[in-house]
């Protein structure tokens, strides 16, 4: 199998939750690979700072202020992308928030926020990306940033409905694959499930548990995404789990 990013040079990639952590690392790495990255996040000032870090002559980061929990924001972002950048070739659904509290004492509004971002926001962005790909006859690639919590329940302090939201992402990735196959579309779907990653989303009490163990960096996940995108058109990495060699979980 020959790995190459050549097919994506100059193409449009959308990365949600791109203002920090995994999203920022992915946006930078894809731009460095020559892609034109539409970086979506609520904190546009951070996106603008990120865009200044690009040294690639071909790649570029385009900051777009958008809250993926609001459908109108996502629709407006994809409208801007269509008018200013062109067809979407790659979507990285990275935006996500963690749990807060437990199921026994949690707040329903907090639970709803998790599902609006981690599940519904992902669904809306996916729908719009696939719509763009189909309209423009693009054999694109959708990547969901999932979690090992989307496959196994751990004793995470105050994780609340977060694992449930990630189990939903696992199901959504497979449901999308089945739908794409039924339509005979050559759009790839990958569910990428990291272990513990040193990002803003990780709970402080969980970070204390992990502090003497290995923990992944955001750049490790960016490297994994480049690997997935580098596969030949006939190869689909359906599920990829990436975790530290020595992990407390």
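Restrict the check to segment 62-71 and report whether at least one residue is touching a strand residue (DSSP E or B) at 6+ places or on another chain (Cβ under 8 Å), part of a loop (DSSP other than H, G, I, E, B) and surrounded by fewer than 16 Cβ atoms within 10 Å (Cβ to Cβ).
Just the residues of segment 62-71 that are touching a strand residue (DSSP E or B) at 6+ places or on another chain (Cβ under 8 Å), to begin with: 62-66, 68.
Among the residues that remain, those that are also part of a loop (DSSP other than H, G, I, E, B) are: 66, 68.
Add one more test, that the residue is surrounded by fewer than 16 Cβ atoms within 10 Å (Cβ to Cβ), and what stays is none.
Within segment 62-71 (the criterion being touching a strand residue (DSSP E or B) at 6+ places or on another chain (Cβ under 8 Å), part of a loop (DSSP other than H, G, I, E, B) and surrounded by fewer than 16 Cβ atoms within 10 Å (Cβ to Cβ)), the answer is no, since none of the residues qualifies.
Here is a yes/no grid of residues against (1) within 22 Å of residue 117 (Cα to Cα); (2) modelled with pLDDT of 95 or more:
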| site | (1), (2) |
| --- | --- |
| 2 | no, no |
| 12 | no, yes |
| 17 | yes, yes |
| 31 | no, yes |
| 35 | no, yes |
| 41 | yes, yes |
| 44 | yes, no |
| 52 | no, no |
| 61 | no, yes |
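Identify, please: which residue in segment 122-131 is over 16 Å from residue 186 (Cα atoms) and out of contact with any strand residue (DSSP E or B) (no Cβ under 7 Å at 6 or more places or on another chain) and is, among those, surrounded by the fewest Cβ atoms within 10 Å (Cβ to Cβ)? It would help to see each step written out before you state the result.
The initial filter retains those residues of segment 122-131 that are over 16 Å from residue 186 (Cα atoms), namely 122-125, 128.
Within this subset, residues satisfying the condition of being out of contact with any strand residue (DSSP E or B) (no Cβ under 7 Å at 6 or more places or on another chain) are 123-124, 128.
On the way: 123: 17, 124: 21, 128: 21.
Here the residue is 123.
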### Task
Have a look at 84, 76 and point out the one that is modelled with pLDDT of 95 or more and either surrounded by 14 or more Cβ atoms within 10 Å (Cβ to Cβ) or touching a helix residue (DSSP H, G or I) at 6+ places or on another chain (Cβ under 9 Å) (or both).
76
### Task
Quickly run through segment 139-164 and pick out the residues that are surrounded by fewer than 21 Cβ atoms within 10 Å (Cβ to Cβ) and in contact with a strand residue (DSSP E or B) (Cβ under 6 Å, 6 or more places away or on another chain).
148
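Return the residues of segment 91-113 that are under 15 Å from the mean Cα position of the chain (by Cα) and surrounded by fewer than 24 Cβ atoms within 10 Å (Cβ to Cβ); say none if nothing qualifies. Even if it seems obvious, please write down each step before you answer.
Kept after step one, since they are under 15 Å from the mean Cα position of the chain (by Cα), are these residues of segment 91-113: 91-98.
Across segment 91-113, the qualifying residues are 97, 98.
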### Query
So which residues in segment 126-156 are closer than 16 Å to residue 174 by Cα and in contact (Cβ under 8 Å) with a residue 24 or more places away in the chain, if there are any at all?
126, 130, 141, 142, 143, 144, 145, 146, 147, 148, 150, 151
### Summary
Within segment 225-240, the residues that are over 14 Å from the mean Cα position of the chain (by Cα) and within 15 Å of residue 7 (Cβ to Cβ) are 227, 230, 231, 232, 233, 234, 235, 236
### Task
Working only within segment 13-36, note down all residues that are in contact (Cβ under 8 Å) with a residue 60 or more places away in the chain and surrounded by fewer than 24 Cβ atoms within 10 Å (Cβ to Cβ).
20, 21, 29, 33
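The values are calculated or read from the model by the stated rules, or taken from the named source; none is laboratory data. Model, not experiment: these values are computed from the prediction. Note: ideal-geometry Cβ built from the backbone for every residue, glycine included; neighbour counts use all protein chains shown.
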